[in-house]
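Laboratory data are not the source of any read-out in this text; all were calculated from the coordinates shown. Bear in mind that the values here come from a model prediction, so they are computed numbers and not experimental data. Every residue, glycine among them, receives a Cβ derived from its backbone with ideal geometry; neighbour counts consider all protein chains shown.
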Amino acid sequence: MSQTPMVNAGAYGMDQPFIILNSGSVRLLSDEELAFVLGHELGHIMSDHVLYRTMTVLLLQLASMGFPIVGLAARAVLLALLEWYRKSELSCDRAALL
């Protein structure tokens, strides 16, 4: 549990993955909505999305800082990762519905 008023959650870690749930989510969402959020994050863990999601976030952070490592070749990889990222979110929404 993270003490922040924002409504959000995330799956992290690789060998022993875990879910961080923001306290704002617990205060605002109903039990059914919390179950959906946790199911969504479990979908990321069960589908082994955590590594690629982390890579995508790190590349985006480097790109926003203007690091030259995110050159033309890395931009192609980043675009592919962003497409995958969007699809992984839809996939985990389906997992949460189950």
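Observations, loosely collected:
Here is a yes/no grid of residues against (1) in contact with a Ser or Thr (Cβ under 8 Å, 6 or more places away or on another chain); (2) among the small types (G, A, S):
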{"residue": "A9", "(1), (2)": "yes, yes"}
{"residue": "P17", "(1), (2)": "no, no"}
{"residue": "S25", "(1), (2)": "no, yes"}
{"residue": "D31", "(1), (2)": "no, no"}
{"residue": "F36", "(1), (2)": "no, no"}
{"residue": "G43", "(1), (2)": "yes, yes"}
{"residue": "T56", "(1), (2)": "no, no"}
{"residue": "Q61", "(1), (2)": "no, no"}
{"residue": "S64", "(1), (2)": "no, yes"}
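- Condition broken by N22, with the remaining ones in (1) in contact with a strand residue (DSSP E or B) (Cβ under 6 Å, 6 or more places away or on another chain); (2) at positive phi satisfied: (2)
- Long-range neighbours under 9 Å by Cβ, at least six apart or interchain, first residue farther than 12 Å from H49 by Cβ within the stretch 7-18, second surrounded by 14 or more Cβ atoms within 10 Å (Cβ to Cβ) and acidic (D, E): A9/E41
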